[in-house]
Amino acid sequence: MKIRKELLQAFLDKYGITAAILAREMHTDEQEIKTLLDGGAVNEATARKFIYYFGADEAVKMIDWAAMGKEIPNIGKG
């Protein structure tokens, strides 16, 4: 999974937390958060933790669907 790194950085800045704090709260390795902040892809386990931490409604906004060659899911609409 890849995310729109500027949105994750804005979240960190808004709440004054570091990658290390977010990693601890998500129960993942700090390097995984740094990978996201650098625009890299993380594995499925980290992706699941990210979605669980932020909730699906927020996570779907932060995921970089275009970078993964996917369309934004049309969940709950229609």
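Lys61 - would you say it is in contact (Cβ under 8 Å) with a residue 24 or more places away in the chain and among the basic types (Lys, Arg)?
Details: in contact (Cβ under 8 Å) with a residue 24 or more places away in the chain: yes; among the basic types (Lys, Arg): yes.
For Lys61, the condition - in contact (Cβ under 8 Å) with a residue 24 or more places away in the chain and among the basic types (Lys, Arg) - is met.
Looking only at the range 51-72, filter to residues that are over 13 Å from the mean Cα position of the chain (by Cα) and of a type outside the set (A, V, I, L, M, F, W, C); which one of those is surrounded by the fewest Cβ atoms within 10 Å (Cβ to Cβ)?
For the range 51-72, the residue satisfying everything is Gly69.
Which residues, taken from the range 26-50, are surrounded by fewer than 12 Cβ atoms within 10 Å (Cβ to Cβ), part of a helix (DSSP H, G or I) and touching a residue at least 24 places away in the same chain (Cβ under 8 Å)?
Glu44 - this is the single residue of the range 26-50 that is surrounded by fewer than 12 Cβ atoms within 10 Å (Cβ to Cβ), part of a helix (DSSP H, G or I) and touching a residue at least 24 places away in the same chain (Cβ under 8 Å).
Residue under question is Glu58, and the condition is that it be modelled with pLDDT of 95 or more and part of a helix (DSSP H, G or I); does it hold?
Values: modelled with pLDDT of 95 or more: no; part of a helix (DSSP H, G or I): yes.
No; evaluated as a whole, the condition is false for this residue.
Is one or more of the residues making up the range 9-16 modelled with pLDDT of 95 or more, touching a strand residue (DSSP E or B) at 6+ places or on another chain (Cβ under 7 Å) and part of a helix (DSSP H, G or I)? Before you say what the answer is, go through the steps one by one.
We begin by selecting, within the range 9-16, every residue modelled with pLDDT of 95 or more; these are 9-16.
Subset that is touching a strand residue (DSSP E or B) at 6+ places or on another chain (Cβ under 7 Å): none.
Taking every residue of the range 9-16 in turn, none turns out to be modelled with pLDDT of 95 or more, touching a strand residue (DSSP E or B) at 6+ places or on another chain (Cβ under 7 Å) and part of a helix (DSSP H, G or I).
Taking Glu6 as the residue in question, decide whether it is assigned to a loop (DSSP other than H, G, I, E, B) and open to solvent by 50 Å² or more (accessible area, probe 1.4 Å). If you could, list the steps in order and put the result at the bottom.
Numbers: assigned to a loop (DSSP other than H, G, I, E, B): no; open to solvent by 50 Å² or more (accessible area, probe 1.4 Å): yes.
Spelling it out, it is not the case that Glu6 is assigned to a loop (DSSP other than H, G, I, E, B) and open to solvent by 50 Å² or more (accessible area, probe 1.4 Å).
Name every residue in the range 1-44 that is of a type in the set (Gly, Ala, Ser) and in contact with a helix residue (DSSP H, G or I) (Cβ under 9 Å, 6 or more places away or on another chain), in order of residue number. Walk me through how you get there before you give the answer.
Here is the first cut: in the range 1-44, the ones of a type in the set (Gly, Ala, Ser) are 10, 16, 19-20, 23, 39-41.
Of everything in the range 1-44, those that are of a type in the set (Gly, Ala, Ser) and in contact with a helix residue (DSSP H, G or I) (Cβ under 9 Å, 6 or more places away or on another chain) turn out to be Ala19, Ala20, Ala23, Gly39, Gly40, Ala41.
List the number of the failed condition for Thr18; all other conditions in (1) in contact (Cβ under 8 Å) with a residue 40 or more places away in the chain; (2) open to solvent by 50 Å² or more (accessible area, probe 1.4 Å) hold.
All conditions pass for Thr18, except number (1).
The values are calculated or read from the model by the stated rules, or taken from the named source; none is laboratory data. Since we're looking at a predicted model, the values are computed, not measured. As a convention, Cβ positions derive from the backbone with ideal geometry for all residues, glycine included, and neighbour counts pool all protein chains shown. Ligands, DNA and RNA are excluded from the accessible area calculation, which covers all protein heavy atoms including side chains. Shrake-Rupley method; radii C 1.70, N 1.55, O 1.52, S 1.80 Å.
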